[in-house]
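Report on the following structure.
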Amino acid sequence: MIKPIDKIKSAYQQLSQASFADPFSLLGPFVREQGRSLTVWMPGADRVEVLFADKRIELERDKESAFVLAQDIDLSFTHYKLAVHWGETEQILDDPYQYHALYEEFDHLHTPKQMYQHMGAQFVTVERDGKTISGTRFLVYAPHASAVSLVGGFNAWDGRRNPMQRLDYGIWGIFIPELPEGTAYKFELKGPNGEGLPHKQDPWGFHHEQYPSFSSVTYDQTKYQWQDSAWQNRPVTQKRGEALSFYELHAGSCVVMRTVTS
């Protein structure tokens, strides 16, 4: 069912402020009572076209500055791309909001030993319209955030471009197709009251840049070949003379600084 117009306007206003927590309810392809539609939110773009295998169709800009295609074309299972025009430059993008079914099951996250295989930036493949699409799935735990966006050079560090979906258990997620390894990224969060917070590193990130950016970097950890089989298969003993290993986490980097007044 199409949402009441006042709710749609409110959603667009939240999108323009990078404070929308449910983008999959509005963006991407839908089959509704009044027909099929495609909605694209691309702030700052001059024109947007949807690309199919055999044709391209220009989307109309509505009163709320979103780009909308409302034609009798079934986009539910059809893979498409977007041609976004920024002045004289055309950028071809795979719309992340056509991948609605990536975030349905999270029971596996109850197993702490396996969480590193699911949280953070994970290189995955998905099937759509008979095609295998490679990309990066981002999951971050931010239970007290009112909105989370993925930002990086791929979207000009603009938090309005890629709002993440609020999922279960305080997790937020999005899948970005065709994002190459080595891409710098961060998370843009809004606090419980909608206040903007500094960009955050990925606490589950595998690679990070050093000062001054401190950005997280996508990395395919499955490529790493462990060479510690001898250590893993060693006899388990408890000798007080053996060396100890210490691991450090800088908890201060995860704390929001607040001004205390008396």
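The values are calculated or read from the model by the stated rules, or taken from the named source; none is laboratory data. Because the structure is a prediction, the values reported are computed rather than measured. Neighbour counts run over all protein chains shown; Cβ positions are idealised from the backbone, glycine included.
Criterion first (within 14 Å of the chain's Cα centre (by Cα) and either assigned by TED's automatic domain parsing to the domain that holds A21 or under 23 Å from D220 (Cβ atoms) (or both)) does L150 satisfy it?
Taking the combined requirement at face value, the residue satisfies it.
What number goes with the only condition from (1) surrounded by 14 or more Cβ atoms within 10 Å (Cβ to Cβ); (2) touching a helix residue (DSSP H, G or I) at 6+ places or on another chain (Cβ under 7 Å); (3) at pLDDT 75 or above that Q114 does not pass?
The single condition Q114 does not satisfy is (1).
Residues being in contact with a Gly (Cβ under 8 Å, 6 or more places away or on another chain) and surrounded by fewer than 16 Cβ atoms within 10 Å (Cβ to Cβ): count how many of those fall in the range 18-69.
Residues flagged as in contact with a Gly (Cβ under 8 Å, 6 or more places away or on another chain) and surrounded by fewer than 16 Cβ atoms within 10 Å (Cβ to Cβ) within the range 18-69 amount to 1.
Could you look through the range 70-85, keep only residues that are surrounded by 14 or more Cβ atoms within 10 Å (Cβ to Cβ) and among the small types (G, A, S), and pick out the one that is modelled with the lowest pLDDT?
A70
Taking into account only those residues within the range 2-25 that are among the hydroxyl-bearing types (S, T, Y) and within 11 Å of E64 (Cβ to Cβ), which is modelled with the highest pLDDT? Steps first, please.
Taking the range 2-25 and keeping what is among the hydroxyl-bearing types (S, T, Y), we get 10, 12, 16, 19, 25.
Pick out the ones that are also within 11 Å of E64 (Cβ to Cβ) and you get 10, 12, 16.
Values: S10: 86, Y12: 88, S16: 91.
Result: S16.
Suppose the filter is in contact with a strand residue (DSSP E or B) (Cβ under 8 Å, 6 or more places away or on another chain) and either in contact (Cβ under 8 Å) with a residue 24 or more places away in the chain or not polar (S, T, N, Q) (or both); does G152 pass it?
yes
Which members of the range 217-249 meet the condition of being touching a residue at least 24 places away in the same chain (Cβ under 8 Å) and either in contact with a strand residue (DSSP E or B) (Cβ under 6 Å, 6 or more places away or on another chain) or of a type in the set (F, W, Y) (or both)?
V217, T218, Y219, D220
E88 passes all but one of (1) in the same structural domain as S213 (by TED's automatic domain parsing); (2) loosely packed, with under 13 Cβ neighbours inside 10 Å; which number fails?
(1)
Can you name the residue in the range 189-219 that is among the charged types (D, E, K, R) and not in a strand (DSSP E or B) and is also nearest to Y116 (Cα to Cα) among such residues?
D202
For the list (1) charged (D, E, K, R); (2) at pLDDT 85 or above; (3) outside any strand (DSSP E or B), I need the number of the one condition that K186 fails.
For K186, the failing item is (3).
What are the residue pairs meeting all of these: first residue in the range 198-216, first residue within 12 Å of G182 (Cα to Cα), second residue among the acidic types (D, E) and in a loop (DSSP other than H, G, I, E, B), Cβ atoms under 6 Å, and 6 or more apart or on different chains?
Short answer, once both residue conditions are applied: S215/E209; S216/D202.
Could you look through the range 156-197, keep only residues that are in contact (Cβ under 8 Å) with a residue 60 or more places away in the chain and among the β-branched types (V, I, T), and pick out the one that is surrounded by the most Cβ atoms within 10 Å (Cβ to Cβ)?
I174
How about the range 220-244: which of its residues are under 23 Å from M119 (Cβ atoms) and of a type in the set (S, T, Y)?
The answer is T222, Y224.
Consider V151 against the criteria (1) more than 21 Å from D202 (Cα to Cα); (2) modelled with pLDDT of 80 or more: it satisfies all of them except one. Which criterion is unmet?
V151 satisfies every listed condition except (1).
Output the residues belonging to the range 217-247 that are surrounded by fewer than 10 Cβ atoms within 10 Å (Cβ to Cβ) and hydroxyl-bearing (S, T, Y). Lay out the reasoning, then the answer.
Going residue by residue through the range 217-247, those that are surrounded by fewer than 10 Cβ atoms within 10 Å (Cβ to Cβ) are 222-247.
T222, Y224, S229, T237, S245, Y247 - these are the residues of the range 217-247 that are surrounded by fewer than 10 Cβ atoms within 10 Å (Cβ to Cβ) and hydroxyl-bearing (S, T, Y).
How many residues are among the hydroxyl-bearing types (S, T, Y), out of contact with any Ser or Thr (no Cβ under 8 Å at 6 or more places or on another chain) and farther than 17 Å from Y97 by Cβ if we restrict to the range 116-169?
Matching residues across the range 116-169 total 3.
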